Amino acid sequence: RARYSLVDNTTGEMLVDATAGSDAGIDVVSSEYATIAAEQTALENLSRDIADRIVQRLSLTLRDQE
């Protein structure tokens with residue numbers, strides 16, 4: 001989960017105050033290396049997904065402000 005906000009520096013108005021989150025699961029296998037690699041890949045994918053959600057929300061908010 002990531003909490004984020006967007007504030008208009010001119011007016012001080014809070015345009016967005018939200019939380020983005022995502023979930024993932026991995027299979028734990030007998031190979032410790034494979035499990036660590038799966039965890040790392042899952043974290044990278046989660047980070048990318050959350051970043052995409054934040055960008056989308058901020059883009060929509062800024063579009064509506066125009």
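Computed from the coordinates by the stated procedures, all read-outs in this text should not be read as laboratory data. Since we're looking at a predicted model, the values are computed, not measured. Using ideal geometry, Cβ is built from the backbone for each residue, glycine included, and neighbour counts are taken over all protein chains shown.
Applying 0.36 nm per residue to the separation of residue 34 and residue 22 and subtracting their alpha-carbon distance, the gain on full extension is 2.1 nm. Relative intensity of the chain on a log10 scale, I(q)/I(0) at q = 0.12, 0.19, 0.20, 0.29 Å⁻¹, equals -0.45, -0.76, -0.81, -1.19, per a Debye sum over C-alpha point scatterers of equal strength in the absence of solvent. Taking Cα centre as origin and charging only the Cβ of basic (Lys, Arg, +1) and acidic (Asp, Glu, -1) residues, the dipole magnitude of the chain rounds to 80 debye. The protection proxy used here, the mean number of other Cβ atoms lying within 10 Å of each residue, ranks peptides 29-35, 54-60 as follows, highest first: 54-60, 29-35. Using helices alone, what [θ] at 222 nm do you get for the chain, with -39,500 (n - 2.57) per DSSP H run of 4 or more residues, divided over all residues and rounded to the nearest 500? Here the helix-only value at 222 nm equals -19000 deg cm²/dmol.
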